[in-house]
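Worksheet for the structure shown next.
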Amino acid sequence: MPIEATKQIWMNGTLVDWDDAKIHILTHSLHYGTGVFEGIRAYETDRGPAIFRLTDHIERLFNSAKILMMEIPYSVDDLVTACKDTVRASGLPSCYVRPIAYYGYGEMGLNTLPCSVDVSVACWPWGAYLGDDAASKGVRMKISSWARHDHNVMPPASKTTGNYVNSSLAKVEALKAGYDEAIMLNTDGYVSECTGENIFAVRNGVLITPPLSAGALEGITQDSVMTIARDHGYDVRLDHLTRSDLYIAEEMFVCGTAAEVSAVNSVDDREIPCPGPRTQVIAAEYARAVRGQVDQYKSWCERVDE
Ligand code: PPE
């Protein structure tokens, strides 16, 4: 998916033209994978563009930085405003928003403590993340031969750029084998998540999704889905899942900011009923919620013009 350029990118406090948003080749985080980032979506609502759960995403960015002992030289409010300014400047009704905090130019070597921290926010239009067929047919999943990074190797609660080497290895392996996406098991053999989404499986009528302790990122979409599911009276649990649970699941979906809610049609060629009834209800409600069409979730939509 080639990036579609927009007008401006916020860099360290100023909006600069898209083509001028450049950094030095010796930028520390490029060499060591030590940036922290977020992926957020802005949606068109009847009151203008609104960024979905923006404050929650920026708070997670600060938690990611805290784990790395990185000091972001801005406040949560500053970066909330920066995201709104960037989306407003793009003039787009909806888009994907990418804040990143990283160690900049000036130091080399693995000690990050003397490094300066730079921050930027870009936005651009980003369509269906798991392919154009994902919404109509569901996605084909493969259990990855790559284990999810362990808590004592690379902390999965920190959305660190370097963590995504693990995801990319799994993604490419799955695509080359003819699947749409990979499911990653942790080093204990339990399901953690996918390369860029959390996973939900229904077993005996209960919606189950692996917790942080299983090596999953604490997804904001995962949290929204749990709220929506509970509000619909579904039984939802954060719990460990095994590979067998997936093969015999009654229904399954993956979710994330980019992927939204995507039904799963098979895991390692074992078919899963798709889209399952709960999946359909949750995907439709999520699509309305992000666009400010559900009263009880309106506070999740943070308007760019406010
Ligand atoms: N797990 C991982 C590993 C992950 O990257 C994401 C988001 C999630 C779970 C879901 O988190 P949330 O977006 O808060 O519901 N992945 C982002 C990056 C995708 C990319 O390719 O880059 C995203 O969806 O924006």
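In the set A42, A128, only one residue is of a type in the set (A, V, I, L, M), at pLDDT below 95 and within 16 Å of the ligand (Cβ to nearest atom); that residue is A128.
The C-beta contact set for region 213-237 (first residue closer than 18 Å to E250 by Cα and aromatic (F, W, Y), second residue more than 8 Å from the ligand (Cβ to nearest atom) and in a loop (DSSP other than H, G, I, E, B), distance under 9 angstrom, 6+ apart or interchain) comprises Y234/G205. All of S29, S64 fail the test of being assigned to a helix (DSSP H, G or I), touching a helix residue (DSSP H, G or I) at 6+ places or on another chain (Cβ under 8 Å), among the small types (G, A, S) and surrounded by 13 or more Cβ atoms within 10 Å (Cβ to Cβ), apart from S29. Residues in region 48-61: is at least one over 22 Å from the mean Cα position of the chain (by Cα) and within 20 Å of R88 (Cβ to Cβ)? Looking through region 48-61, at least one residue is over 22 Å from the mean Cα position of the chain (by Cα) and within 20 Å of R88 (Cβ to Cβ). Summed over region 165-212, the residues that are surrounded by 14 or more Cβ atoms within 10 Å (Cβ to Cβ) and assigned to a strand (DSSP E or B) give a count of 18. Of all the listed residues (T34, T55, T45), the sole one being outside the structural domain of A157 (by TED's automatic domain parsing), hydroxyl-bearing (S, T, Y) and part of a loop (DSSP other than H, G, I, E, B) is T34. In region 92-103, the qualifying residues are those that are of a type outside the set (G, A, S) and without any contact (Cβ under 8 Å) to a residue 60 or more places away in the chain, and the one that is surrounded by the fewest Cβ atoms within 10 Å (Cβ to Cβ) is P93. Residues in region 204-255 that are of a type in the set (D, E), more than 16 Å from the ligand (Cβ to nearest atom) and within 24 Å of M154 (Cβ to Cβ): D239 alone.
The conditions of being within 16 Å of the ligand (Cβ to nearest atom), closer than 27 Å to I25 by Cα and either at pLDDT below 95 or surrounded by 16 or more Cβ atoms within 10 Å (Cβ to Cβ) (or both) are not met by S144. The conditions of being out of contact with any Phe, Trp or Tyr (no Cβ under 9 Å at 6 or more places or on another chain), small (G, A, S), surrounded by fewer than 16 Cβ atoms within 10 Å (Cβ to Cβ) and over 29 Å from R303 (Cβ atoms) are met by G106.
Okay, residues lined up against (1) touching a Pro at 6+ places or on another chain (Cβ under 6 Å); (2) within 16 Å of the ligand (Cβ to nearest atom); (3) among the small types (G, A, S); (4) on the phi < 0 side of the Ramachandran plot:
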position	(1), (2), (3), (4)
G33	no, yes, yes, no
E38	yes, yes, no, yes
R60	no, yes, no, yes
L68	no, no, no, yes
T81	no, no, no, yes
Y96	no, yes, no, yes
I100	no, yes, no, yes
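Residue count for region 286-306, restricted to those that are in a loop (DSSP other than H, G, I, E, B) and at pLDDT 95 or above: 5. Taken together, T187, T227 contain a single residue that is outside the structural domain of V36 (by TED's automatic domain parsing) and under 27 Å from Q296 (Cα atoms), which is T227. Within region 180-198, the set of residues being touching a Cys at 6+ places or on another chain (Cβ under 9 Å), more than 9 Å from the ligand (Cβ to nearest atom) and free of Cβ contacts under 8 Å to residues at least 60 places away in the same chain comprises A182 only.
The values are calculated or read from the model by the stated rules, or taken from the named source; none is laboratory data. As the structure is a prediction and not an experimental result, all values here were calculated from the model. Here the Cβ is made from the backbone with ideal geometry for all residues, glycine too, and neighbour counts use every protein chain on show.
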